[in-house]
Amino acid sequence: MKVLVCPRCKYPFVVGEGNFKRKQKYCSRDCKKSDIRNRFLKFVDKRLKNGCWLWTGTRHGKGYGHFQIGKKSEKAHRFSYLEFVGPLNDKHVLHKCDNPPCVNPKHLFLGTNLDNVRDKLTKGRQPYGNTMAHTKVTDRDVLLIRALWSSKTITQRDIAARFGISITHTYCIATKRRRERVLSAR
């Protein structure tokens, strides 16, 4: 048996001899949770006028913050929601403010994967059509493919060859299974 002092509340506590007990640092889960919350808040700047709490710690891909909890890395906005609002229930944490480094729980809300995709599309963060790097045909080309398809003056194989795409891709564009949102050339 060993007596340790909790770094949070300074209260002495006894630790048993088992392997998992040797790693115990806090007297209770509440002290451990409180210490993690305080460490998290050290990386938060609440001084922005728009109400965002800016994550000043490590950021990865697209500006989202990451927070280390033991050996596990968690996205900062997800940790903020979990800590200040409640459980995630296997859902995405979305931003009302559309600011990836924001961790203000008032700016966060839960959504499904479909909600997340719709949110990205409406806010212009999801490449679509001409904005995608691998796109071979423009919106104008899509309209031309549909016009040629409906006129029946040229074969599907010839349309595909003319635009450098597969016959299947031609069919999907012509029948609006792909690029269904293209209504006019931009």
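The values are calculated or read from the model by the stated rules, or taken from the named source; none is laboratory data. What you see is a predicted model; the values in this text were computed from it and never measured. Using ideal geometry, Cβ is built from the backbone for each residue, glycine included, and neighbour counts are taken over all protein chains shown.
Please indicate, with yes or no, whether at least one residue in region 54-73 is outside any loop (DSSP other than H, G, I, E, B), within 23 Å of Lys32 (Cβ to Cβ), within 14 Å of the chain's Cα centre (by Cα) and assigned by TED's automatic domain parsing to the domain that holds Thr112.
yes
Answer yes or no as to whether Asn99 is surrounded by 13 or more Cβ atoms within 10 Å (Cβ to Cβ), assigned to a loop (DSSP other than H, G, I, E, B) and at pLDDT 90 or above. Yes: the conditions hold for Asn99.
Among the residues making up region 143-176, those that are surrounded by fewer than 17 Cβ atoms within 10 Å (Cβ to Cβ), under 34 Å from the mean Cα position of the chain (by Cα) and β-branched (Val, Ile, Thr) are Thr168, Thr175.
Filtering region 27-41 for residues that are more than 30 Å from Asn113 (Cα to Cα) and part of a loop (DSSP other than H, G, I, E, B) leaves a non-empty set.
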